[in-house]
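The values are calculated or read from the model by the stated rules, or taken from the named source; none is laboratory data. Bear in mind that the values here come from a model prediction, so they are computed numbers and not experimental data. Positions of Cβ are generated from backbone atoms using ideal geometry, with glycine treated the same way; all protein chains shown enter the neighbour counts.
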Amino acid sequence: MQRLIIAKYTLLEAHKRSLIVLFLLGIVVCVAIAAYAASLSMVDKQATLAAFYAATVRLAMVAVLNVYLILMETRNLEQENTFVWLGLPVSRMHYLLQKILAYSILATGLALLVSLPLWWAGTDMQIVLRWTLGFYLELLVTVSISILFACLFRQALISLSAFAAVYLFARSALEFYQHSSNIIDRGGSGIEIVLAWLVKLCTFLVPKFEQFASASWILHQRIFDTDLLSILPQALLFFGLLTLIALDRLCRRGF
Amino acid sequence: MRLISRFNAIALTRSQLAQLLLFSCFLINQVQLVSKTDVEPYPLPQPISASDLRVLTLGESAIMAKLLGVWLLSYDTRAGQIIPFERLDYDRLAGWLKTIAQLDELSDYSSMVAAGVFIDVKDRQRQLKMIELVRQRFWEKPEINWRWMAQAIMLSKYRLKDISLALSLAQDLRIGAQGKGIPYWASEMEVYLLHDMGELEAALLLIKAMIDDGAITDADELRFLNRRIMELEASMQSNQNNSSNIQHN
């Protein structure tokens, strides 16, 4: 247990700062928004409620967890708190891995917490499980993105902006890919084609979050267009690579 | 004394009083706007293509389709008043319904509101536009939209009193239904329409063609159609007898 002290204190800090309360509050707000949207819908009110909840809670919880992570880690790096931690008999690799472990535990708890209202709304259990797994993998990848940006930029505002840009782009990556392919096929002006190729190239550099989880599975009670085997390697690849880059940045940094 | 001291505690400065007055004026203005009796309808904006909207949906295009559906349905309600559908631009409305259908291809929502809500106008041109939209949607996804095609057939026959339109829709339904798991009664609507039109021979030939085609495999359905053939043949025979009796007399 002594070896996992950094992970333990990261979790304790999250508890001290009432992160769980914030998660619960977010879930309640998302349920309220979904209930309002479902009340306006003419048909399939129960499925609409669950689908709206899934769409809003996915965005909200990714934002809450990653904003918290970036704020805490940039503060640690800015105020040189990391230096104190590294005074313990742990290597920098251990420090980073324990941080990732702590945030992964938070992500696991969050994914399970978020899936409860879906189950309660009467969504098919198989769909709930698949959606929750996809959401969990998305949380893991976003945690690695946030840690990398925190190590890379060491400033909260820049890290948050970069995270928001990458996350929102990754959420629409397939659509951007399709859109730029259309422009290239249509044959626009020179600058349009260059930009389209640039956007197309960028879509290869980000995870395709659209495939991870979708509210339309819940709305139509059916999983389509995606396979767990296609997203699992994608998530593991991005998670591993981003963690390695973050580790490299942390090791190069002088304290 | 205590009351006066409390009043002093909430006493306002001049600038705060001015702000309060300004806010009150704004509120009164808003109330007047809302209570205006003759509300000008906002024109429906130009529809945005589904491919453009998809980029903004963060991969949740079905949710965007739902939101657009709610927005479109509530478009006739402005400032507490209901504006008749006749004042909506139906070309734009059809464009928005098409966008909704493309955003969520597994949903029959656009066909449902076209055949169930927006068709509820007195203007024939607008009704026809909605029926054409249902027909288009049916050809795009027959297995999802066949119910609303059947609804459009009934509306064409009974509300629009246009049996030739109903017949052409029923023909489309029969052709599009092949191999899509659509109930037999829906694809047989053309037969009933032909019967209603007095085209007994055409109805008979159609049933025979459907049986010969091998599209109908259900034994009960085949028995029902064979009985129908016998009924039609009997009707035709009695018609023939009646006409020969009239000629003889």
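Summary of values
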read-out: Counted residues, the range A:1-57 - those being farther than 19 Å from B:Ser74 by Cα, among the polar types (S, T, N, Q) and buried (at least 17 other Cβ atoms within 10 Å of the Cβ); value: 2
read-out: Residues (more than 19 Å from A:Ile223 (Cα to Cα) and of a type in the set (S, T, N, Q)) located in the range A:83-132; value: A:Ser91, A:Gln98, A:Ser104, A:Thr108
read-out: Within the range B:194-222, tally of residues that are surrounded by 15 or more Cβ atoms within 10 Å (Cβ to Cβ), acidic (Asp, Glu) and within 23 Å of B:Lys157 (Cα to Cα); value: 1
read-out: Enumeration of residues in the range A:45-70 that are more than 9 Å from chain B (Cβ to nearest Cβ) and either among the β-branched types (Val, Ile, Thr) or not in a helix (DSSP H, G or I) (or both); value: A:Val57, A:Val62, A:Val64, A:Val67, A:Ile70
read-out: Residues located in the range A:12-37, provided they are of a type in the set (Gly, Ala, Ser) and either touching a strand residue (DSSP E or B) at 6+ places or on another chain (Cβ under 7 Å) or in contact (Cβ under 8 Å) with a residue 60 or more places away in the chain (or both); value: A:Ala14
read-out: Some residue of the range B:120-133 being in contact (Cβ under 8 Å) with a residue 24 or more places away in the chain, β-branched (Val, Ile, Thr) and within 23 Å of B:Arg92 (Cβ to Cβ); value: yes
read-out: Residue count, the range B:100-117 (criterion: under 16 Å from B:Lys129 (Cα atoms) and surrounded by fewer than 23 Cβ atoms within 10 Å (Cβ to Cβ)); value: 4
read-out: Residue identified as on the phi < 0 side of the Ramachandran plot and modelled with pLDDT under 75 among B:Ile4, B:Ile63; value: B:Ile4
read-out: Subset tally (residues that are within 14 Å of chain A (Cβ to nearest Cβ) and either touching a Ser or Thr at 6+ places or on another chain (Cβ under 7 Å) or part of a helix (DSSP H, G or I) (or both)) for the range B:77-96; value: 0
read-out: Some residue of the range B:118-140 being of a type outside the set (Gly, Ala, Ser), within 14 Å of chain A (Cβ to nearest Cβ) and part of a helix (DSSP H, G or I); value: yes
read-out: Helices (runs of 4 or more DSSP H) fully within the range A:141-255 counting 3 or more residues that are surrounded by fewer than 19 Cβ atoms within 10 Å (Cβ to Cβ) and within 14 Å of chain B (Cβ to nearest Cβ); value: A:156-171, A:173-186, A:190-205
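Results for (1) part of a helix (DSSP H, G or I); (2) surrounded by fewer than 18 Cβ atoms within 10 Å (Cβ to Cβ); (3) of a type in the set (S, T, N, Q), shown as yes or no for each residue.
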{"site": "B:Lys161", "(1), (2), (3)": "no, yes, no"}
{"site": "B:Gln171", "(1), (2), (3)": "yes, yes, yes"}
{"site": "B:Lys180", "(1), (2), (3)": "no, yes, no"}
{"site": "B:Tyr192", "(1), (2), (3)": "yes, yes, no"}
{"site": "B:Met230", "(1), (2), (3)": "yes, yes, no"}
